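Have a look at the structure below before the remarks.
The values are calculated or read from the model by the stated rules, or taken from the named source; none is laboratory data. Predicted, not measured: the structure shown is a model, and the values here were computed from it. Please note: Cβ atoms are built from the backbone with ideal geometry, for glycine as well, and neighbour counts cover all protein chains shown. Note: accessible area is taken over every heavy atom of the protein model, side chains too, but ligands, DNA and RNA are not part of it. Shrake-Rupley method; radii C 1.70, N 1.55, O 1.52, S 1.80 Å.
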Amino acid sequence: MNIQQIRGQKMITTVTLNPALDRLLQTDTLAPGETNRTRLLSAAAAGKGIDVAKVLRDLHCDVAATGFLGGPVADIFVRSFKEEQIDNQFIPIQQATRTNIQLFEKSGRRTELLDNGPTVDRAEYAALLETVQTLAEKSDTVAICGSVPGGIGAEDFRRLIRIARHACKYVIVDTSGKWLQVAVEEKPDLIKPNRREMSDFIGSDRVAGDEEIIAEAHRLVDRGLGHIVVSLGGEGAFIVGKSGTWRGKAPKVPVKSTVGCGDAMVASLSVSLAKQDTPAIMLQKAIALSAAEAMTFETAHVILGDYSRLLNQVQVEKIN
Ligand SMILES: Nc1ncnc2c1ncn2[C@@H]1O[C@H](COP(=O)(O)OP(=O)(O)OP(=O)(O)O)[C@@H](O)[C@H]1O
Ligand SMILES: [Mg+2]
């Protein structure tokens, strides 16, 4: 495949309801209950849909990103959207966007502090739905990604998916837990749980095996969901659709960071839906692009040369 064929020329909208500023800090040894001095390693505008948008920009797609942003950290996001040439359609909110902290000690131990995040009010949610409607009408695919902030109930989330489904051709939802349960009832065109998320969905307290996962995915397809891509980390992924099940192995690559691999996969699948790729090609491209993402330190960025080389290495086989 040449570079022209792997670029996505479609307009895609990503929705990140609960973004976060990710601050990475370093300290020698963390002393709980004491004053600890830290060094800032990085502060990045993060969130699953935002990461999907960044990867889509690397593929030269036309991308709009929406969701909620509030408080002083919003400026950091706005700057990042400008740099990345992402059309910023975020709704300003009263409460502050969360800041998540990862603290690294010399020993390599990592402590995470996760902020609860803002509560969104009715008027803010209504503004979001209106924006999604407008953007979806201009988009080939809408990707709704990540967790949901306070103030939004199951019915609200359902409405968001419904609006996107009516206004545009393809809708992908990448979320987990209760929100995945709600999303599935709205029968999106594609969901992309990882093995853990799919196990939780099944209601299993252990990690579900391949057969169990594939059987559940077929049950969802029979009920009207388009495709289910189950990502298996370094093992690769499955795709289940009406016409069958395919499995692809992840290529062996020099891994720099796997943060954002799932989001790179969603970026690829958003373009594939718009291009009406076959399930086998969708899976092949998604595995290659997410492996290319693993090869860069930077979250949500790929080098197109890596991607096009990997595309020829990924083998996908039909398993039933
Ligand atoms: N070490 C790796 N080498 C090559 N490819 C990888 C590696 N880790 C992940 N991938 C690719 O990325 C895809 C998505 O990864 P994973 O299953 O970890 O997603 P996820 O759990 O949704 O991640 P995220 O935290 O980004 O949401 C995998 O299906 C695989 O194709
Ligand atoms: Mg994920």
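A quick yes/no check of all residues on (1) closer than 30 Å to GLY71 by Cβ; (2) within 15 Å of ligand 1 (Cβ to nearest atom); (3) under 18 Å from the mean Cα position of the chain (by Cα):
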{"site": "GLU112", "(1), (2), (3)": "yes, yes, no"}
{"site": "GLY146", "(1), (2), (3)": "yes, yes, yes"}
{"site": "GLY150", "(1), (2), (3)": "yes, no, no"}
{"site": "TRP179", "(1), (2), (3)": "yes, yes, yes"}
{"site": "PHE201", "(1), (2), (3)": "no, yes, yes"}
Selection within region 104-136 - charged (D, E, K, R) and modelled with pLDDT of 95 or more: GLU105, ASP121, ARG122, GLU124, GLU130
Residue match in region 202-210 (condition: away from ligand 2 (no atom under 16 Å from the Cβ), part of a helix (DSSP H, G or I) and in contact with a helix residue (DSSP H, G or I) (Cβ under 6 Å, 6 or more places away or on another chain)): yes
From the options THR99, THR13, THR38, residue that is open to solvent by less than 10 Å² (accessible area, probe 1.4 Å), among the polar types (S, T, N, Q) and in contact (Cβ under 8 Å) with a residue 24 or more places away in the chain: THR13
Unique residue being under 18 Å from the mean Cα position of the chain (by Cα) and either of a type in the set (Val, Ile, Thr) or more than 16 Å from ligand 2 (Cβ to nearest atom) (or both) when the list is ILE228, ILE213: ILE228
Strands (runs of 3 or more DSSP E) within region 235-320 that include 3 or more residues open to solvent by less than 20 Å² (accessible area, probe 1.4 Å): 236-241, 244-249
Pairs, first without any contact (Cβ under 8 Å) to a residue 40 or more places away in the chain and within 16 Å of ligand 2 (Cβ to nearest atom) in region 240-254, second of a type outside the set (Lys, Arg) and open to solvent by 60 Å² or more (accessible area, probe 1.4 Å), C-beta under 9 Å, six or more apart: none
Options ALA288, ALA300; residue that is in contact with an Asp or Glu (Cβ under 6 Å, 6 or more places away or on another chain) and more than 13 Å from LEU190 (Cα to Cα): ALA300
Residue within region 234-251 that is near ligand 1 (Cβ under 9 Å from one of its atoms) and aliphatic (A, V, I, L, M) present: yes
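To keep it simple, each residue is scored yes or no on (1) open to solvent by less than 20 Å² (accessible area, probe 1.4 Å); (2) assigned to a loop (DSSP other than H, G, I, E, B); (3) within 19 Å of VAL266 (Cα to Cα); (4) without any contact (Cβ under 8 Å) to a residue 24 or more places away in the chain.
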residue: ALA53; (1), (2), (3), (4): yes, no, yes, no
residue: GLY67; (1), (2), (3), (4): yes, no, yes, no
residue: VAL78; (1), (2), (3), (4): no, no, no, yes
residue: GLN95; (1), (2), (3), (4): no, yes, no, no
residue: PHE104; (1), (2), (3), (4): no, no, no, no
residue: ALA123; (1), (2), (3), (4): no, no, no, yes
residue: ALA127; (1), (2), (3), (4): no, no, no, no
residue: THR131; (1), (2), (3), (4): no, no, no, no
residue: THR134; (1), (2), (3), (4): no, no, no, yes
Selection within region 55-65 - open to solvent by 20 Å² or more (accessible area, probe 1.4 Å) and out of contact with any helix residue (DSSP H, G or I) (no Cβ under 6 Å at 6 or more places or on another chain): ASP58, HIS60, ASP62
Any hit, region 175-192, residues being basic (Lys, Arg), touching a residue at least 24 places away in the same chain (Cβ under 8 Å), touching a Leu at 6+ places or on another chain (Cβ under 7 Å) and assigned to a loop (DSSP other than H, G, I, E, B): yes
